[in-house]
Amino acid sequence: MPEERRRSVATRKATGLLERGGLPDTFWYSTKRRLLGPPLVNQDLGEQRLTKPLALGVLSPDGISSSAYGTEEILIALLPMAGLAAFTLILPMTLVILFVMVLVLLSYREIVMVYIRPGGSYVVARENFGPRIAQVCAVALLIDYIVTVAVQTAAGTAAVASAFPAIGPYKLEITVGVVLLMAFGNLRGLKEAGRAFAVPTYLFAGSVILMIVVGIIREALGNLPDYNPHTLHGTYTIGSGSAGLISAVMIFTLLRAFANGGASLTGIEAVSDAVGAFHAPEGRNARQVLMMEGAILGTLVAGISWLAHAMHATPRTLGYPTVLAQEATYVFGSTFIGHALFYLVQGATMLILYTGANTSFNGFPFLTSYVAGDSFLPRWLLKRGHRLVFSNAIILLTVISIALLIIKDADVNSLVPLYAIGVFTAFSMAGFGMARYHSKHRTPGWRRRMIINFSAGVLTLIVVAIFAVVKFTEGAWVVVVLFIVLVPALIRLNHEYQAETDVLETISENQPPPPPHYSRRTVFVFVDHFDLATLAAMRYARSMRPTTIRAVHFVIDSVRADKLRDKWTRADRGIPLDFIDVSDRRLTRAAAELVEREAADPATHVTVVLPRRSYSALLGRLLHDRTADKIAAVVSRIPRSAATIVPYDVTSRVRVLQARQAAKAAATSSDASAGQKVTSREIDVAAKHGASAAETPAEPPGSVRGQVKGQEPGTPDGPRASGPGARDGQRASRWRPDDRESATPATATSIGSLDTPGRAVVEGRIRVVEIKPVERNSVLACEISDNTGALTALFYGRSHIPGLVCGSRVRLRGTVGFRADGHPVMINPAYELLFPAL
């Protein structure tokens, strides 16, 4: 193996760069790979589809599981006012809810056949009412999916507490843990989530239907228990039932009960939102799954309400035991088999309610991807993650739903007022949208279909109005406010995206302009510290091959600036370093002013290079104050200028350099002593050259840009007209008060009034200090300014003069010359320090 290759392999082994194309996996990626499994490639995307049995298990738990608490919510609204009559009113109330459910199912039955593309209500509203109005439906569904996660998981915890009351005080912690577990399952991929969450759907439906059948048989045999709610403890207040059915209070109570029961219908839309997840033919398969879900849901709601009517199962204020748990206890009895069946029902209820939230983890990412594809949501929601799922949307849903659970303390009754407005708004827009579709296309049977869809739209709109009114003070106002805020926000985001798209289309249609030709290109490297990141930025700046490279430090701390000056001078990188005073600490403004002055010439282009030390994502947010981003944002708005942030991973780079040095040392150990001698000799030679340069300062060519007029060559204190000229032995001197020259004015002249060459005295504050390395020498350039103008003083052979730093006030005496642009210049003037920098 050649020597160079051997060293390279040794270095890469030491730093772990041999695998995967020379780049090691990060800690977070390795952790994600272990938790979620190996990444899926795009070719695997078509395999992540659902069969009908799997789709029923994955997409219907939300709708089916809501039957576990729908009847209970109706009784909670009726008992305080209707008293025991609530157990009679529950039956007609259930029939009304089932009638609404049938209309909604028939409406969505048309949707999944017409709109094969997944998206459900949102796609219907967008295609028939336009994308802007469709954002009402988008917001409604997004809210519904979020609240679904919170309600279903909280209800699942209540089911667990019904079987094991001791865990009741820990319901919030358990609920949050379940949400995190579901998020993990969905991040592994749709198929994995379906396999894990399909079983509870069938288990719950089978066990509860068994309970209903046994209960009806026992009622027919006359041995079904009937309990007196007044003898039970911890129940909701049971009213006297004295209010008439036509009284305003009772009507309001019935409306509240209907609104509560409407929660039983949430989740029906999930199938239409995920049509794309079905095997082909998607529409027909989705239609069949939708009707199966409706049949199961209707059976469960009707059966649970009938048993509550027959046995007077009464809801408790603590939330447990639930009405469904009481029914299972009464129906199955106290035998061993009865207890086993009771725990089966409670276990199945717990699983179906927990996995009911999984509907949102499937529907929410699909919906956000459609809305983001229409440019109404951020485009990062379109990204598929490690396992080909929309990971960002899943994480977003998890965070918001957990926050909602914490705010509401995982209480189902507190969450229900936030629930049904969103989903019934989507039902309404889908119904009206399909009615409009049928009126336009008029396919065979369009009148019948239009009547069904329009009726569903009207009825669900009435439900929305009822819910908003009767539940307004209980929390529905939050949903109303979210509609008012989010719909305009999504439209505004789309406007921003659309404006950019219109500009791009205009540019594409027109002939592209010729590329700009700049006669001068300036690169500024903004320096805060002298470190490896700065050196990397300077290497990048040199690679651009600009006309001029200047390093700039904005002085907000004079002590820190002095230390940087010393390091910069010792390093001698061959790039001048400017010190610009920023007394008000407005770095972005100072950077903008510098770039604007440089780019004022139409033939000049300015690039700002900003070094940045890189850290991990979390640590970087803590350590970075985003100053570079702010400066880059300001610079990018200036014509003929651009900003580039150069990230530098110091930790990994140091590790690589150390490994290289170790490999090199191991390979050249036999020549180590000779190498040290050569290094020492080179250091001695470099030191000798440095001493020689310090003894003989020389003015570099072009040190004063442009031609300086009004000076005679060899004038003691004035700049030459042009070209190089050595000033051997000539140095800046401190101006003593006893210096007397007749040509020197008695008082300082304002800089702005200097218009002719000659001797002058000026005063001002040092605003910019620049060190310019020239050959083996250096020039110290100080720009002073007063209220009228600015003047540059050049000190040849000097890299630092004590006291002449940004912020100090000085008086200069010497001969004034002028550059071609009219800027006044003094070379090696006498100076007096009036006020030091603070």
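The values are calculated or read from the model by the stated rules, or taken from the named source; none is laboratory data. Keep in mind the model is a prediction, meaning the values are calculated, not measured. Cβ placement follows ideal geometry from the backbone for every residue including glycine, while neighbour counts extend to all protein chains displayed. In case anyone asks, the SASA skips ligands and DNA or RNA and just uses the protein heavy atoms, side chains included. Shrake-Rupley method; radii C 1.70, N 1.55, O 1.52, S 1.80 Å.
Of Glu219, Glu327, Glu173, the order by accessible heavy-atom surface (1.4 Å probe, DNA, RNA and ligands excluded), from most exposed downward, is Glu173, Glu219, Glu327. Each peptide among 90-98, 156-164 gets the average number of other Cβ atoms lying within 10 Å of its residues, and from highest to lowest they stand as 156-164, 90-98. For segment 458-610, the residue among Ile484, Phe526, Trp568 whose Cα projects farthest onto the positive side of the dipole built from Cβ charges is Trp568.
Using the Cβ of His800 as centre and a radius below 10 Å, the other residues enclosed give a net charge of 0, where K and R count +1 and D and E count -1.
Computed from point charges on the beta carbon alone (+1 for Lys and Arg, -1 for Asp and Glu), the dipole magnitude for segment 418-483 about its Cα centre is near 520 Debye. Consider all pairwise Cα distances in segment 256-315 and report the whole-number % of them above 18 Å. The calculated P(r) of segment 256-315 puts 50 percent of pairs beyond 18 Å.
Accessible surface of Asp411, taken over heavy atoms with a 1.4 Å probe and every protein chain present, rounds to 40 Å². Of the whole protein surface, Met292 contributes about 80 Å² of accessible area at a 1.4 Å probe radius. By its C-alpha gyration tensor, with a ≥ b ≥ c as the square roots of the eigenvalues, how is segment 329-387 shaped: rounded for a/c under 1.5, else prolate for a/b larger than b/c, else oblate? Prolate. Heavy-atom accessible area, probed at 1.4 angstrom with all protein chains present, ranks Lys471, Lys440 as Lys440, Lys471, highest first.
Computed log10 I(q)/I(0) for segment 429-520 at 0.16, 0.18, 0.21 Å⁻¹: -0.90, -0.95, -0.99, from the Debye equation with unit scatterers placed on every C-alpha and solvent omitted. Ranked by the mean number of other Cβ atoms within 10 Å of their residues, highest first, the peptides 300-309, 388-397 come out as 300-309, 388-397.
Could you compute the FRET efficiency for Asp409 and Thr756, with r as their C-beta to C-beta distance and R0 at 56 Å, rounded to 0.05?
Computed FRET efficiency for Asp409 and Thr756 comes out at 0.10.
Using heavy atoms of the protein chains and a probe of 1.4 Å, the accessible area assigned to Phe835 is about 130 Å².
Which of rounded, prolate, oblate describes segment 509-596, given a ≥ b ≥ c as roots of the alpha-carbon gyration tensor eigenvalues and a/c under 1.5 marking rounded, otherwise prolate only if a/b is larger than b/c?
Because a/c hits 1.5 or more and a/b fails to exceed b/c, segment 509-596 counts as oblate.
Normalised by 2.2 N^0.38 Å, with N the number of residues, the alpha-carbon radius of gyration of segment 45-174 equals 1.35. Accessible area ranking (1.4 Å probe, heavy atoms, ligands and nucleic acids excluded), largest first, for Lys664, Lys772: Lys664, Lys772. In order along segment 259-269, the phi-based Karplus estimate (6.51 cos²θ - 1.76 cosθ + 1.60, θ = phi - 60°) of 3J(HN,Hα) comes to 5, 4, x, x, 4, 5, 9, 5, x, 4, 6 Hz; Gly and Pro are listed as x. Do any of Lys567/Lys772; Lys52/Lys383; Lys171/Lys408; Lys52/Lys440 go past 21 Å between their Cα atoms, and which? Where the Cα-Cα span goes over 21 Å, the pairs concerned are Lys52/Lys383; Lys52/Lys440.
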